[in-house]
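Below is one structure, written out as structure tokens; the observations come after it.
The values are calculated or read from the model by the stated rules, or taken from the named source; none is laboratory data. Everything quoted here is computed from the prediction, not taken from an experiment. Ideal geometry is used to build each Cβ from the backbone, glycine not excepted, and the neighbour counts take in all protein chains shown. For the accessible areas, the whole protein counts, side chains as well, though only heavy atoms, and no ligand, DNA or RNA atoms are used. Shrake-Rupley method; radii C 1.70, N 1.55, O 1.52, S 1.80 Å.
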Amino acid sequence: MKTIRWLPLVLGALQASAEFFHTKAGQETVIKCGLDNFATSLVWRRGSQLLFRVTSKTRMLQRGTSSIAMRSKQKQDTNLQISAVEEGDAGEFTCVVDNKETVHTLAVVLVSVDPLGNGLSPGSVAVLRCRVAGLPSEPWVEWSRPGDARRWDRGLARLEPVEASHAGKWQCVFHHDGSHYMEEIELSVKKMSMTTISPSAKGHPTPGPIMVALPKVGFWLVASGGSLLVLLLLILVLIMSCRIRRRKLQKRFLQMNARKPMSGRQYCQCRCPTAAVAPRRPDTTKKKKPPALPMC
């Protein structure tokens, strides 16, 4: 009976084979061991680093000390789940079930868009990059779009200029062991307003619609209005400073005149009105001569 009970586990271990897994950096991924359960113990390692160990007796998770070990946990009894995958997580993973080892490979795809943001501006330049880590040799990488026959090889797609048709899903496709795999990224392009021009005179072609980017127009309007306000403030400051300086000079001039010492002549002069000359009194000291006697 014991032999029959162990037979499915032995057959399952013999049938377990290495698998290839891939995920995008920053996402969560699950690496399948290949066996659904274990009888005595389960061990997961990345290279020589211990991720965790579980025994059938305690069912307690003994975790390693590395960064990836802290982000790893047991999934569906024998599988490995890694959260917030990083570029350094790529490589070979070993699943040990009851002393039977199976080696799997995890490739991490790194995709980026330059410039970053909520959306690309029409008419600008954008660059899409794709790189695959964790493979023994550098694979062939290219960008493609659903329904578009064009291909951008070497993992680099340059959009110059950016158009509204560039919005949507983009696929980073890479090849490994005769098979191709892909990771997707979503691009968004900002909307633009259409401003039409009235028809011109006869003999001249009517210009087509002009594409005006509302964010750029608003930026320049705000910038020009701010510059004009700063210029007016500078002029006002100059006028006020000139007035204050003129008042200070006038006050200083008046103070200097008030403190100026008087000359000798100015000091003796009296500004009071001239007193009236007193009338001369008759001299009473002189005796009047008696009148002459009449001659007979």
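Can you spot the aspartates and glutamates whose alpha carbon is less than 15 Å from LYS24's alpha carbon? Ignore those fewer than 8 places along the same chain.
Filter leaves GLU86, GLU87, ASP89, GLU183, GLU184, GLU186.
State in Å² the accessible area per residue of region 69-129; use a 1.4 Å probe, count heavy atoms of protein chains only, and round to the nearest integer.
Using a 1.4 Å probe on heavy atoms only, each residue of region 69-129 averages 43 Å².
Under 10 Å from the Cβ of VAL127, count the other residues' Cβ atoms, weight Lys and Arg +1, Asp and Glu -1, and hand me the total.
Taking every other residue near VAL127 into account, the sum is 0.
Under 9 Å from the Cβ of GLU142, count the other residues' Cβ atoms, weight Lys and Arg +1, Asp and Glu -1, and hand me the total.
Residues near GLU142 contribute +1 overall.
Of SER67, VAL173, ASN79, which is farthest on the positive side of the dipole of region 66-177, counting Cα position, with +1 on Lys and Arg Cβ, -1 on Asp and Glu Cβ, and the Cα centre as origin?
Final value for the positive-end residue is VAL173.
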